[in-house]
Amino acid sequence: MTVLITGGAGFIGSNFIYYFLKKYPDYKILCVDSLTYAGNLSTLEQAMKNKNFRFFKTDICDRSEIYKIFENEKPDIVVNFAAESHVDRSIENPEIFLKTNIFGTQVMMDACRKYGITRYHQVSTDEVYGDLPIDRPDLFFTEETPIHTSSPYSSSKAAADLLVQSYHRTYGLPATISRCSNNYGPYHFPEKLIPLMIINALNNKPLPVYGKGLNIRDWLYVEDHCKAIDLIIHKGKSGEVYNIGGHNEMKNIDIVKLICKYLGKPESLITFVADRKGHDMRYAIDPTKIRNQLGWIPETKFSDGIKKTIEWYINNEKWWYPIISGEYKNYYEKMYSNR
Ligand code: NAD
Ligand code: TYD
């Protein structure tokens with residue numbers, strides 16, 4: 001079995017590669033990643049030592065290069081993680097989001113049609129459903145919730161989902177889609193809430209909380225997401241959408257306070273800054289379908305997962321220090337100074 005994983009030098013894709021190399025030692029694992037600011041080859045250092053793993057520095061929008069890889073490697077399964085993934089960046093510059101997230105998805109599916117695969121899996125997000133009101137804790141996103149996006153990021157992901165569904169219906173492409181809630185864990189790029197707060201707290205820097213910090217996200221340990229995708233690509237039904245989430249809703253401010261407490265840092269580091277434009281209030285997934293149909297349940301409790309994650313950042317400064325001292329410095333300056 002040959003599995004082609006796009007975006008594998010990023011956060012979730014790399015965790016998925018390590019999960020697969022361990023679980024399926026007889027599979028050939030290919031990673032296609034163009035190494036944008038969010039892709040990091042050092043993340044794949046251990047994978048590179050595995051004889052079943054191969055890395056291709058290729059843009060998923062580059063049709064002829066993608067076709068060459070399919071022609072030579074003949075993947076059976078394709079899992080598309082590659083994307084521009086940060087909401088704040090999509091507000092600043094939507095264009096690259098449309099290119100990679102929509103056009104890139106099309107190129108990958110065209111390659112699948114041309115060369116034949118047994119399954120194409122699109123890694124999507126709960127953000128395609130928009131947000132839920134904070135005073136209606138009884139409401140959750142199901143697979144039937146209408147698409148109702150808020151940011152250029154979520155709109156581009158929703159467009160890709162619709163394209164996947166159309167390729168399944170029109171061309172019979174064997175395809176599945178998963179829509180997961182917010183992930184956390186090792187190799188999470190420092191621009192996102194949890195790693196940003198851990199790294200800033202470790203460096204005694206201000207912790208910039210948007211608005212009042214009352215927005216709610218439904219956090220899932222990244223390995224549980226990988227396990228869900230594993231089940232979907234092996235046992236899920238073609239043409240189906242599966243929501244993934246662990247019923248773990250938390251307010252942003254509570255997460256930041258928890259990080260301060262764990263690291264023994266004062267809450268006076270917390271700084272309330274201008275809110276994100278169009279900021280989604282609450283995400284909450286109903287994972288009944290994947291639980292009932294595929295037997296998936298989240299295994300890592302948030303209290304354990306967050307400790308493991310904080311410890312990982314404490315022990316892996318060699319991974320994040322080069323990131324925060326490089327181009328990221330300019331990004332941080334632009335996004336957070338005078339906010
Ligand atoms: P990430 O930003 O950490 O990684 C994205 C990876 O894709 C990087 O390695 C980058 O180099 C690569 N990439 C970007 N553009 C590319 C292109 N044109 N060609 C080839 N490679 C390219 O993202 P992530 O957090 O790991 O998210 C992975 C996927 O999961 C995305 O599709 C995202 O929408 C989805 N998702 C993320 C979350 C989350 O909480 N992070 C939750 C649900 C769904
Ligand atoms: P983020 O990690 O960007 O994920 P998403 O927007 O895709 O859910 O943000 C998670 C939440 O944290 C979101 O409500 C925005 C908020 N946030 C802050 O308050 N401060 C920050 O510096 C960042 C990056 C996010």
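The values are calculated or read from the model by the stated rules, or taken from the named source; none is laboratory data. Values in this document were obtained by computation on a predicted structure and should not be read as measured data. Reconstructed Cβ throughout: ideal geometry from the backbone, glycine too, with neighbour counts over all protein chains shown. Quick note on the areas: whole protein, heavy atoms, side chains included, nothing else; ligands and nucleic acids left out. Shrake-Rupley method; radii C 1.70, N 1.55, O 1.52, S 1.80 Å.
Some notes on this structure:
- Across the chain, the relative contact order, built from alpha-carbon pairs under 8 Å that are at least six residues apart, equals 17 percent.
- Rounded to 10°, Cα long-axis angle of helix 152-171 versus longest principal axis of the chain: 20
- The phi-based Karplus calculation (6.51 cos²θ - 1.76 cosθ + 1.60; θ = phi - 60°) puts the 3J(HN,Hα) values of the stretch 21-31 at 4, 6, 6, 10, x, 9, 7, 8, 10, 10, 10 Hz, whole numbers, x for Gly and Pro.
- Cα centroid separation - the stretch 62-101 against the stretch 111-129, whole Å: 11
- Intensity falloff of the stretch 163-230 expressed as log10 I(q)/I(0), Debye formula with alpha-carbon point scatterers, at q = 0.13 Å⁻¹: -0.58
- Calculated SAXS-style log₁₀ I(q)/I(0) at q = 0.10, 0.11 Å⁻¹ - the stretch 1-151, Debye, Cα scatterers: -0.39, -0.47
- Potential extension, Y24-S64 segment - 0.36 nm per residue separation minus Cα distance: 11.4 nm
- Amide H contacts of F272: V209, each under 5 Å away and 5 or more positions distant or on a separate chain (H built 1.01 Å from N in the peptide plane; Pro and chain starts excluded).
- Put a dot 7 Å past the Cα of E267, heading toward its Cβ, do the same for D88, and the two dots end up 2.3 nm apart.
- Axis angle, to the nearest 10 degrees, between helix 302-315 and the longest C-alpha principal axis of the chain: 90 degrees.
- Accessible solvent surface per residue of the stretch 1-115, calculated while the other protein chains remain in place, 1.4 angstrom probe, Å²: 42
- Computed on the Cα atoms alone, the convex hull of the stretch 60-105 gives a volume of 64 cubic angstrom per residue.
- Relative contact order of the stretch 86-196, defined on C-alpha pairs under 8 angstrom at six or more residues apart (%): 38
- Ellipticity estimate at 222 nm from DSSP helix runs (n ≥ 4, -39,500 (n - 2.57)) divided over the chain, nearest 500: -12500 deg cm²/dmol
- Against the empirical 2.2 N^0.38 Å (N residues), the chain has a Cα radius of gyration ratio of 0.95.
- Gaussian network model of the chain, Cα within-10 Å springs - most flexible of P186, P133, P208: P133
- Potential extension, M250-Q165 segment - 0.36 nm per residue separation minus Cα distance: 27.4 nm
- Diffusion coefficient, µm² s⁻¹, Stokes-Einstein with Kirkwood Rh over alpha-carbon pairs of the stretch 43-124 at 4 °C and 1.567 mPa s: 93
- Build a GNM of the chain with springs between Cα atoms under 10 Å apart, and of S42, S325, S124 the one that fluctuates most is S325.
- Amide H within-cut-off set for L220, under 5 Å, with H built and near neighbours excluded: N182, N183, Y184
- Two-site label geometry, R339 and K212: point separation in nm, points 7 Å out along Cα→Cβ: 1.9
- The orientation-averaged shadow of the Cα convex hull for the stretch 101-148, equal to a quarter of the hull surface, comes to 4.6 nm².
- Three-way shape call for the stretch 218-327 based on the alpha-carbon gyration tensor, with the a/c threshold at 1.5: prolate
- Each Lys or Arg adds one and each Asp or Glu subtracts one; over the other residues with Cβ under 13 Å from the Cβ of F97, this totals -2.
- The chymotrypsin sites (Phe, Trp or Tyr not before Pro) found in the stretch 9-55 include none that occupy coil by DSSP while having at most 10 further C-beta atoms within 10 Å.
- Treating each Cα of the stretch 90-176 as an identical point scatterer and summing with the Debye formula, the log10 of I(q)/I(0) at q = 0.23 Å⁻¹ comes to -1.10.
- Cα-based helix-to-principal-axis angle, 104-115 vs the chain, degrees rounded to 10: 20
- Annotation: amide H of A175 within the under-5 Å range of Y120, G239, sequence separation 5 or more or interchain, hydrogens built in the peptide plane.
- Viscosity 1.002 mPa s, 20 °C: Kirkwood-radius Stokes-Einstein D of the stretch 272-339 over Cα pairs, µm²/s: 132
- If you run the Gaussian network model on the chain, springs between alpha carbon atoms under 10 Å, then out of E249, E267, E223 the most flexible one is E267.
- Put simply, the Cα atoms of the stretch 123-174 extend 43, 22, 15 Å along their principal axes, the longest span coming first.
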